[in-house]
Amino acid sequence: MLNLIEKGGVIMIVIIALSVIAAVIIIERMLFFRRIKSDEQKIIANIRGALEQNHFYEAIAICESDPSPVSNLMKVGIEHRFYSQAEIKDAIMSAANLEIPRLEKYLSLLGTIAHITPLLGLLGTVTGNIEAFGVLGQSGSLGDPSRLASGISEALLTTAAGLIVSIPATVFYNQLVQRVNHMILRMENSVNDLVLLLKGKDNAF
């Protein structure tokens, strides 16, 4: 590791730091979505059971005991149960606008890392090649070609490092964005079912 940093210079340090940040974001988001998915069905079932018995305050307590994007929206819907369907929808949509940023937390940073690390790697290669050719120019025609080849080889390390960080970061970024989209769809379906249950109608809002 120290040898790579020494050969890659400051840009290699930046790429390694970004790789650590990307890894932390990926792990945190994967655990977050895993916890939500495991708790979601249980929470919905408990809330539905309480609502079917008209135990509205119990349903609200269930939402408060295990807060998540779905339970937070359901809580808003239950609290507005005496309003019209349109008003319930407006209240839930307002709450959803606050929940969606929680789902997308850190994803923009991960996407940025995925996009800039190859560029940083290329920058490191360009600056390394400039330095290598500078050495050759100073030594003139008598310069050792092996020194030039060695310099170029070391310069290419940053490009390789940038790609190594960028490829998995891009894959996980796309996967996490897809999870967010699926989560939003599940939230919409759960809320529609909730309104049907609250209003006792056959059509969703």
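Side notes on the structure shown:
- Output for the range 81-132, where each listed residue is surrounded by 14 or more Cβ atoms within 10 Å (Cβ to Cβ) and polar (S, T, N, Q): Gln85, Thr112, Thr117, Thr125, Thr127, Asn129
- Where a residue in the range 50-61 is without any contact (Cβ under 8 Å) to a residue 12 or more places away in the chain and its partner, wherever it lies, is surrounded by 13 or more Cβ atoms within 10 Å (Cβ to Cβ) and assigned to a helix (DSSP H, G or I), with Cβ under 6 Å and at least six apart: Glu58/Ala50
- For the range 1-39, taking the residues that are modelled with pLDDT under 90 and of a type in the set (S, T, N, Q), the one that is nearest to Ile152 (Cα to Cα) is identified as Asn3.
- Positions within the range 55-73 being more than 24 Å from Asp90 (Cβ to Cβ) and either more than 25 Å from the chain's Cα centre (by Cα) or of a type in the set (Lys, Arg) (or both), in sequence order: His55, Glu58, Ala61, Ser65
- Of the helices (runs of 4 or more DSSP H) entirely within the range 1-119, those holding at least 2 residues that are under 30 Å from Leu163 (Cβ atoms) and of a type in the set (Asp, Glu) occupy 2-52.
- Filtering the range 74-97 to residues that are touching a residue at least 12 places away in the same chain (Cβ under 8 Å) and within 21 Å of the chain's Cα centre (by Cα) leaves Ala95, Ala96.
The values are calculated or read from the model by the stated rules, or taken from the named source; none is laboratory data. Note that the structure is predicted; figures quoted are calculated from it, not measured. Don't worry about glycine lacking a Cβ; one is built from the backbone with ideal geometry, like all the others, and counts go over all protein chains shown.
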